[in-house]
Amino acid sequence: MPPPDLPAPPSEKTPSMLSRKFGPELHNYFAGNPLNRVSFLRPDHVFLDAALRHKSTQFLLFHNMGPLTESPKKIQFVQWDDVGRIVDPGDGGPFQKSEDDDIKEYDSGKWSPTIVFLGLDRRTEKEQDVFTYKNRYKGTPYFALDLSAPAAFIDKAKTSALTDAVKKLIEKYESENLEFVGNRMNLFLEPQEAAIYAEARHTIDWNVRNPFCAQCGNRTLSTHAGWKRACPPADTATNTERPSCATRQGISNLSFPRTDAVIIVAIVSADGQKMLLGRSKRFPPGMYSTLAGFLEPGEALEEAVRREVWEESGVAVSRVVFHSSQPWPYPANLMMGAIAQAAPGEDEREPDLDHDAELESAKWFTLEEIREALKGTAWAEKGLGASDPIGGESKPDIPLKVPPRTAIAHQLMAAVASGGFIGGESKI
Ligand SMILES: [Zn+2]
């Protein structure tokens, strides 16, 4: 199964001085979201409740971080008829009251599935009978809904009508041959669905991983349609006031979803004829990729590129330029793609792997070798997450394999190998 195409960037539709100078903008896989997030409406419970119950509304379901799919290429969105009795089991639903009231009436003993408002679909905003709010905000509403109950709520003592209803719904989907695809990267979805999935997965995952306040350790409450977590001052389950918590003071009232910046970089030799790639122990045999690492506090992107490349390969880097980015929802990364040039002479000696044991190997490849590897070999068609064995030795007779086009690493290599980037023109 070949990997899907990349989403078309919006800048292609309008002429632009910057596009003429630098070439078209690249949207990597998982970007290109067709939803208007209308983030300013997240505290508006009247809007959210109306959007939730509209007949066109689409729900993207998760269970154990896997999305409900009908095939590896297609997400199965479902409607209110399926999930209504879970989202609103008779208590008015998650958006019946204002956020302030939800926080005041917080009950740590009550579980309801995490729900995230994803946005309004721009593709349907001109359709008749489309969901409309204040005669201004239009489009099919999209929500993500996590059917996984936290461990504290699924032991037998706490089995409730709601957990039973969730269990039955999961069984119904399984009987219809639909599948919650967990523990796998979903890199074969149509690009716009992939972008909706990335937004949903990242935000659900953040909610799942942050059930407690980082300041005082008490359980938190998902608010703002799933985009913030509050530390309520009292708990009706125990009828007690909680100790004071710094997160309730001023603007640091709540915690927000994280997006952790990662630099990923194609290193070109000073003469522009070779590229430095590295190989992790976890890669399938023959596979090499661009170098990458987390940005650290107090570090510019360019500095992170120079530090990571030197730590992993001993190579000194001169000029660094930004190329494109990729929102990578496993779990919360923004890959900041760069192209950088090594200092003169750096490609004439063996890379030094002794600083940091992260890479098994780092090597300079000619651009011709990289062009061959990018050509859409059988490996590229299988893509990341395919069933190739992980690990194993990198034998010299195995041809170079590189990540598929859905990975930003592939796009960085292609930008260099196509020649435009380093051939004297300034096209990125
Ligand atoms: Zn707290």
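P(r) for the chain, please, calculated from all Cα pair distances in 20 Å bins and given in %.
Taking every Cα pair in the chain, the percentages come to 23, 49, 26, 2.
With +1 assigned to the C-beta of every Lys and Arg and -1 to the C-beta of every Asp and Glu, and no other charges, what is the dipole magnitude of the chain about the Cα centre in debye, to the nearest 20?
In debye, rounded to 20, the chain gives about 1000.
Going by the alpha-carbon gyration tensor, a ≥ b ≥ c the square roots of its eigenvalues, is the stretch 1-119 rounded (a/c under 1.5) or, if a/c is not under 1.5, prolate (a/b greater than b/c) versus oblate?
prolate
For the stretch 140-147, in order, what is each residue's ³J(HN,Hα) by Karplus, 6.51 cos²θ - 1.76 cosθ + 1.60 with θ = phi - 60°, in whole Hz (x at glycine and Pro)?
Result, rounded to whole Hz: 5, x, 10, 10, 10, 9, 9, 8.
Quick one: if you take sqrt(5λ) for each eigenvalue of the C-alpha gyration tensor of the stretch 200-317, what semi-axes come out, biggest first, whole angstrom?
So the equivalent ellipsoid measures 44, 16, 11 Å along its semi-axes.
How much length, in nm to one decimal, is gained on full extension between D356 and D82, taken as 0.36 nm per residue of separation minus their Cα-Cα distance?
So the extension gain works out to 93.5 nm.
Report the per residue volume, in Å³, of the convex hull enclosing the C-alpha atoms of the stretch 206-260.
Normalising the Cα hull of the stretch 206-260 by residue number yields 92 Å³.
What is the extension gain from Q215 to D5, computed as 0.36 nm multiplied by their sequence separation minus the C-alpha to C-alpha distance, in nm to one decimal?
Result for the pair: 71.3 nm of gain on full extension.
Compute from the Cα atoms of the stretch 9-68 the Rg and the Dmax, the latter being the longest Cα-Cα distance, and quote both in angstrom.
Reported Rg and Dmax, both Å: 17.5, 47.
Percent antiparallel among DSSP beta bridges with both residues in the chain, to the nearest 5?
Antiparallel: roughly 75 percent of the beta bridges in the chain.
Kindly state, to the nearest 0.05, the FRET efficiency for A50 paired with T259, given R0 = 41 Å and r defined as their beta-carbon distance.
0.90
Treat the count of other C-beta atoms within 10 Å as a stand-in for reagent exposure and order W227, W328 from fewest to most.
Ascending Cβ contact count within 10 Å gives the list W227, W328.
Using only Cα atoms, locate the centre of the stretch 1-63 and the centre of the stretch 311-376, then give the distance between them in Å, rounded to an integer.
30 Å
Which of the peptides 238-244, 128-134 is most tightly packed, and how do the rest follow, going by the mean number of other Cβ atoms within 10 Å of each residue?
The peptides rank, most packed first, as 128-134, 238-244.
Step through the table entries K13/K73; K74/K172; K97/K228; K110/K172, compare each Cα-Cα distance with 22 Å, and write down the pairs that go over it.
K13/K73; K110/K172
Going by average Cβ density within 10 Å per residue, which order do the peptides 208-218, 117-127 take, highest to lowest?
Most protected by this proxy first, the peptides run 117-127, 208-218.
Averaged over all directions, how much area does the convex hull of the C-alpha atoms of the stretch 63-212 cover when projected, in nm²?
Here the figure is 10.6 nm², rounded to one decimal.
Could you give the dipole magnitude of the stretch 1-45 about its Cα centre, charging the beta-carbon of Lys and Arg +1 and that of Asp and Glu -1, in debye to the nearest 20?
Dipole magnitude for the stretch 1-45 comes out near 160 debye.
To the nearest 0.05, how large is the calculated FRET efficiency for T132 and S39 if R₀ is 30 Å and r is the Cβ-Cβ distance?
0.95
Helix 408-417 sits at what angle to the longest principal axis of the chain, using alpha carbons and giving 0 to 90 degrees rounded to 10?
It is inclined by approximately 30 degrees.
Since every read-out is calculated from the coordinates, none of them should be taken as a lab result. Everything quoted here is computed from the prediction, not taken from an experiment. A quick note on method: Cβ atoms are made from the backbone with ideal geometry, for glycine too, and the neighbour counts reach across all protein chains shown.
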